[in-house]
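See below for the structure under consideration.
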Amino acid sequence: MSIRLMKVALVALLSMLAISAWAEGSVARAQFATDVVDREPIDDIGDVVKVEYGAIQRVYFFTDLRDMSGSEVTHHWTLDGEDMADVSFEIGGDRWRVWSSKRLMPGFDGHWRVDVVRDGEVLESHSFHYVDDE
């Protein structure tokens, strides 16, 4: 095989790998927040949320998705490994920001996790602990 032909084959292979990696898309940002305003989380609640008695708390999970246009992405919420909710989104552009939320009440304490899922594959997972100090 000539050197020129090998170079062409190598360029073609590298191009296919780059396109394949690009087609996979990515989660540019993901975080828990107390609210989302103008398509942006207003804060980052971290990994511990304390139970507030007499109130129902809402926790938002925000994701900034890149290069997934035409895909369906799901936020899969679990509490201590038990399925709690699936919230699915149709991704309509190369950069798409989506969020889902859960209402937390006393008795829902434990380890909460949200998996970002596309085509059955978990792209990323984030979690927090909902703790009852009383």
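The values are calculated or read from the model by the stated rules, or taken from the named source; none is laboratory data. Just so we're clear, the structure is a prediction, and the values are computed from it rather than from any experiment. Counting neighbours? That spans all protein chains shown, and the Cβs are built from the backbone with ideal geometry, glycine included.
Does residue 89 satisfy the criteria of being closer than 27 Å to residue 37 by Cβ, in a strand (DSSP E or B) and without any contact (Cβ under 8 Å) to a residue 24 or more places away in the chain?
Details: closer than 27 Å to residue 37 by Cβ: yes; in a strand (DSSP E or B): yes; without any contact (Cβ under 8 Å) to a residue 24 or more places away in the chain: yes.
Yes: the conditions hold for residue 89.
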Within the set of pairs 6 or more residues apart or between chains, which connect a residue that is outside any loop (DSSP other than H, G, I, E, B) and surrounded by 11 or more Cβ atoms within 10 Å (Cβ to Cβ) inside the range 35-54 to a residue that is among the polar types (S, T, N, Q) and modelled with pLDDT of 95 or more with Cβ atoms less than 6 Å apart? 41/31
What is the one condition in (1) among the hydrophobic types (A, V, I, L, M, F, W, C); (2) free of Cβ contacts under 8 Å to residues at least 40 places away in the same chain; (3) part of a loop (DSSP other than H, G, I, E, B) that residue 68 does not satisfy? (2)
Considering only the range 86-134, state which residues are surrounded by 14 or more Cβ atoms within 10 Å (Cβ to Cβ), more than 19 Å from residue 41 (Cβ to Cβ) and among the β-branched types (Val, Ile, Thr). 117
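Could you check, for the range 76-85, whether at least one of its residues is assigned to a strand (DSSP E or B), surrounded by 14 or more Cβ atoms within 10 Å (Cβ to Cβ), within 11 Å of the chain's Cα centre (by Cα) and not acidic (Asp, Glu)?
Pass one, the range 76-85, residues assigned to a strand (DSSP E or B): 76-79, 82-85.
Remaining after also requiring surrounded by 14 or more Cβ atoms within 10 Å (Cβ to Cβ): 76-79, 84-85.
Remaining after also requiring within 11 Å of the chain's Cα centre (by Cα): 76-77.
Pick out the ones that are also not acidic (Asp, Glu) and you get 76-77.
Among the residues of the range 76-85, at least one is assigned to a strand (DSSP E or B), surrounded by 14 or more Cβ atoms within 10 Å (Cβ to Cβ), within 11 Å of the chain's Cα centre (by Cα) and not acidic (Asp, Glu), which makes the answer yes.
Could you look through the range 55-65, keep only residues that are surrounded by fewer than 17 Cβ atoms within 10 Å (Cβ to Cβ) and in contact (Cβ under 8 Å) with a residue 12 or more places away in the chain, and pick out the one that is nearest to the chain's Cα centre (by Cα)? Explain how you work it out, then say what you get.
Initial filter on the range 55-65 (surrounded by fewer than 17 Cβ atoms within 10 Å (Cβ to Cβ)): 55-56, 58.
Among the residues that remain, those that are also in contact (Cβ under 8 Å) with a residue 12 or more places away in the chain are: 56, 58.
Details: 56: 24, 58: 17 Å.
Among those residues, the one meeting the criterion is 58.
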Give me the pairs, please: first residue somewhere in the range 123-134 and among the acidic types (Asp, Glu), second residue anywhere and assigned to a loop (DSSP other than H, G, I, E, B), beta-carbon distance under 8 Å, and either six or more positions apart or on two chains. 132/51; 132/106; 132/109; 133/51; 134/51; 134/53
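Within the range 71-130, how many residues are of a type in the set (Gly, Ala, Ser) and under 17 Å from residue 30 (Cβ atoms)?
In the first step, residues of the range 71-130 are kept if they are of a type in the set (Gly, Ala, Ser); the result is 71, 81, 85, 88, 92-93, 100-101, 107, 110, 120, 125, 127.
Then drop every residue that is not under 17 Å from residue 30 (Cβ atoms), which leaves 71, 85, 88, 100-101, 125, 127.
Result for the range 71-130: 7.
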